[in-house]
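Asker: Dropping a structure here in structure tokens format, bear with me for questions.
The values are calculated or read from the model by the stated rules, or taken from the named source; none is laboratory data. Just so it is clear, the model here is predicted, and its values are computed rather than measured. Here the Cβ is made from the backbone with ideal geometry for all residues, glycine too, and neighbour counts use every protein chain on show. All accessible areas refer to the heavy atoms of the entire protein, side chains included, with ligands and DNA or RNA removed. Shrake-Rupley method; radii C 1.70, N 1.55, O 1.52, S 1.80 Å.
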Amino acid sequence: MIEWGISAAVHDAALTVVEGDEILFTSHAERYSGIKNDKHLNADLINAALKFGKPDKIHWYEKPKLRAMRRFLAGQGIVRFSVRQYLEQFGLVGIPVEFAYHHESHAAAGFYTSPFDDAAVLVVDAIGEFDTVTIWNASGEKMKKIWSMEYPKSVGLFYSAMTQRVGLKPNEDEYILMGMAAYGKNKYGLELLNLYNEENLHRGCLWWKPELNTEQDHYDIAASAQWVYEVLFRDLIIRTGNLTNWKQRNLVIMGGCALNCSANSIALEYFPNVWIMPNPGDAGSSLGAIAANNRQKLKWTGPYLGENIETEYPVEKLLTYLLEHGIVGVASGRAEFGPRALGNRSLLADPTRPDIKDKVNAIKRRQKFRPFAPVILEQYAAEYFDMPVEISPYMQFTARCKFPTRFPAIVHADGTSRVQTVNKEQHPGLFELLTKWYEKTGCPMLLNTSLNIKGFPMVNDEKDAEAFQNMYKVAVF
Ligand SMILES: [Fe+2]
């Protein structure tokens, strides 16, 4: 039976195709429409999914009626939305639709792709229907909610409010706020934490008007917001431990807040084994909706589950070009599911070259303060970074770089890097490239950032790759 999971109509739509316990395909709508964080499905995405067969059943990632009720109760007006009508416009007619709760989809996406037989699951996001944080006990086919925090209290909405406060786009630019934090001082943390605790937090914080004249003022707000988030996140981790009597050693973290890689390491102080699915936000819930309704483990083979560019991983071409020019694009194999490029739609560069950060920034046209991430051979990770985990295949944790002056392009202002580790099993092509790069240069890592034209989603197919190459005059293989 072919089952589709859909997360759409709010932000960053996605579609997943599953047969039995096999994930056949999963992708964000934006990769096909070219509209960043596109909230709607589109015909090209539907057609890409249909190549794997027509769906016998569709799973929707949340309960739209409950969401509408919450919006109404919050004074945000009446929303009329029919999933059936929404699907009809894409020719999806007469297919049974099953609904899961928003946080249930998040939790299931995490647990049923995790390597654990049982685990505690912590979901932290802005908001689903009413829940904003949930804690679950998961074991085999059972997954039970044991605690929840409800709107208007919301850790995620607090962080989004702060994102908006510094002039960035809420629900989209939170990762930029996180990056800015390293340049700021925690001037307002206690004030904000009090507001969070006393007021209906995000509203209280929206009314909050600090000095906002210089660039440093923005950084200070970012640092303060990150500090508050880390205090609240630690509290949630401890709560999870308490609720499971500290007997559980496995923790799954999901929800958009699980993308806060600066904070994620806190969880490792309390739980030795932590799993975060590489697409923990709402797009990942397209997969989670299926898992939530079926309560069955899915075979997790990695995040390379999207559009396929059917080429051998071009190791030699990449190596030669990198050695000569220091920077190269790769668009090969199946696209990554999730916000991070992990080697199949990546811009790779030599992290030792002093000019490389400015060069890559010029191509990406993004704020100069933002660091890039390294991808490193797994066996050398501990030699170069103070790793909080042994392996980090999805760039979900930050680690202090032991030689920041040698690798200026991939070290942030606070001395940390968002490390991706690679072994042979995980990505044979990328592993071979890094091994040969190491043999030639003595450096076991490369800078790895997503292959995308500024303002557009990641490159998806050959056509996108060609457009990138023509625009930036950087070879893409
Ligand atoms: Fe969510």
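Asker: Summing +1 for each Lys or Arg and -1 for each Asp or Glu, what net charge is found among the other residues whose Cβ lies under 10 Å from the Cβ of N279?
Answerer: Details: positive: R340; negative: D12, D282, E336.
Taking every other residue near N279 into account, the sum is -2.
Asker: Another question about this same structure. Quick one: order R370, R80 from most to least accessible surface, probe 1.4 Å. Numbers along the way, then the final one.
Answerer: Working: R370 30, R80 205 Å².
Largest accessible area first, the residues go R80, R370.
Asker: Something else about it: Could you pull out the pairs from K364/K436; K39/K357; K65/K142; K144/K169; K54/K463 whose alpha carbons sit more than 30 Å apart here? Numbers along the way, then the final one.
Answerer: Numbers: K364/K436 27 Å; K39/K357 32 Å; K65/K142 25 Å; K144/K169 34 Å; K54/K463 26 Å.
Among K364/K436; K39/K357; K65/K142; K144/K169; K54/K463, the Cα-Cα distance tops 30 Å for K39/K357; K144/K169.
Asker: Here's another thing I want to ask about it. Using the Cα gyration tensor of segment 30-160, with a ≥ b ≥ c the square roots of its eigenvalues, what is the shape: rounded (a/c below 1.5), prolate (a/b larger than b/c) or oblate (neither)? Display every interim value, and only then the final one.
Answerer: On the way: a/c = 1.80, a/b = 1.23, b/c = 1.46.
Since a/c reaches 1.5 but b/c is at least a/b, the shape of segment 30-160 is classed as oblate.
Asker: For the chain, build the charge dipole from Cβ charges (+1 Lys, Arg; -1 Asp, Glu) around the Cα centre, then report which of H325, M143, L259 sits farthest towards its positive end.
Answerer: Going by the Cα projections, it comes out as L259.
Asker: L212 to Q379: FRET efficiency via 1/(1 + (r/R0)^6), r the Cβ-Cβ distance, R0 41 Å, to the nearest 0.05? Working shown, then result.
Answerer: On the way: r = 46 Å, r/R0 = 1.13.
After rounding to 0.05, the efficiency reads 0.35.
Asker: How far apart, in nanometres, would the label points at K424 and D117 be if each is projected 7 angstrom from Cα along the Cα-to-Cβ direction?
Answerer: For the pair K424/D117, the computed spacing is 2.9 nm.
Asker: Then there's this: Determine, for each peptide in 448-455, 426-433, the mean count of other beta carbons within 10 angstrom over its residues, then list the peptides with the highest first.
Answerer: Numbers: 448-455: 18.8, 426-433: 20.6.
Averaged packing, sorted descending, gives the order 426-433, 448-455.
Asker: What size of dipole, in debye to the nearest 20, comes out for segment 294-381 about its Cα centre when the only charges are +1 on Lys and Arg C-beta atoms and -1 on Asp and Glu C-beta atoms? Mind dumping the intermediate values first?
Answerer: Values: 15 positive and 10 negative charges, 129 e Å.
In debye, rounded to 20, segment 294-381 gives about 620.
Asker: Packing-wise, with mean Cβ within 10 Å as the measure, how do 64-73, 330-339, 304-313 rank, highest first? Don't jump to the answer; show the numbers that get you there.
Answerer: Numbers: 64-73: 15.8, 330-339: 24.5, 304-313: 17.3.
So the peptides 64-73, 330-339, 304-313, ranked by packing, come out 330-339, 304-313, 64-73.
Asker: How big is the accessible area of F456 in square angstrom, nearest 10, if you roll a 1.4 angstrom probe over the protein chains?
Answerer: Approximately 110 Å² for this residue.
Asker: How many nm is it between the label spots at M149 and R370, if each spot is 7 Å from the Cα in line with the beta carbon?
Answerer: 2.7
Asker: Now for a different question. Rounded to the nearest 0.05, what FRET efficiency do H325 and D56 have when you use their Cβ-Cβ distance and R0 = 56 Å? Mind dumping the intermediate values first?
Answerer: Numbers: r = 49 Å, r/R0 = 0.88.
In this case the efficiency is close to 0.70.
Asker: So, one more: What is the distance in Å between the Cα centres of segment 207-266 and segment 352-397?
Answerer: Comparing the Cα centres of segment 207-266 and segment 352-397, I get a distance of 22 Å.
Asker: Ok, one more. Could you pull the accessible area for V459 with a 1.4 Å probe, rounded to 10 Å²?
Answerer: For V459, solvent-accessible area is about 10 Å².
Asker: Based on the Cβ-Cβ distance from L268 to R84, what FRET efficiency comes out when R0 is 41 Å, to the nearest 0.05? Could you put the intermediate results ahead of the total?
Answerer: Numbers: r = 44 Å, r/R0 = 1.07.
That pair, L268 with R84, gives E of 0.40.
Asker: Still on this structure, please answer the following. What dipole magnitude, in Debye to the nearest 20, does the chain give about its Cα centre under +1 on Lys/Arg Cβ and -1 on Asp/Glu Cβ?
Answerer: Numbers: 52 positive and 55 negative charges, 136 e Å.
For this selection, approximately 660 debye.
Asker: Related question: Skipping prolines and chain starts, which residues have an amide H placed within reach, meaning under 5 Å, of the one on F397, given they are 5 or more residues away or on another chain?
Answerer: Under 5 Å from the amide H of F397: V419.
Asker: For segment 125-228, state which trypsin sites (Lys or Arg not before Pro) are in a DSSP loop and have at most 14 other beta carbons lying within 10 Å of their beta carbon. All intermediate terms of the calculation are to be shown ahead of the outcome.
Answerer: Values: sites: K142, K144, K145, K153, R165, K185, K187, R203; in loops: K153, K185, K187.
When the trypsin sites (Lys or Arg not before Pro) of segment 125-228 are filtered for loop state and at most 14 Cβ neighbours within 10 Å, K185 remain.
Asker: PRE reach from R406 (point 7 Å along Cα→Cβ): which of segment 318-352 fall under 11 Å by backbone N?
Answerer: Label zone hits: 352.
Asker: Give me, ordered by chain and number, the residues 5 or more places off E98 or on other chains with an amide H under 5 Å from its own placed amide H.
Answerer: I58, H59, W60
Asker: Send over a whole-number figure in Å² for the accessible area per residue of the chain, probe 1.4 Å. Numbers along the way, then the final one.
Answerer: Details: 19560 Å² over 477 residues.
Value for the chain: 41 Å² per residue.
Asker: Given a 1.4 Å probe and every protein chain left where it sits, what share in percent of the accessible area of the chain is carbon and sulfur?
Answerer: Carbon plus sulfur share of accessible area: 50 percent.
Asker: Considering only protein heavy atoms, what is the solvent-accessible area of W227 at a probe of 1.4 Å, reported in Å² to the nearest 10?
Answerer: 90
Asker: Which distance in Å, rounded to a whole number, links the C-alpha centroids of segment 16-76 and segment 399-434?
Answerer: Between the Cα centres of segment 16-76 and segment 399-434 lies a distance of 33 Å.
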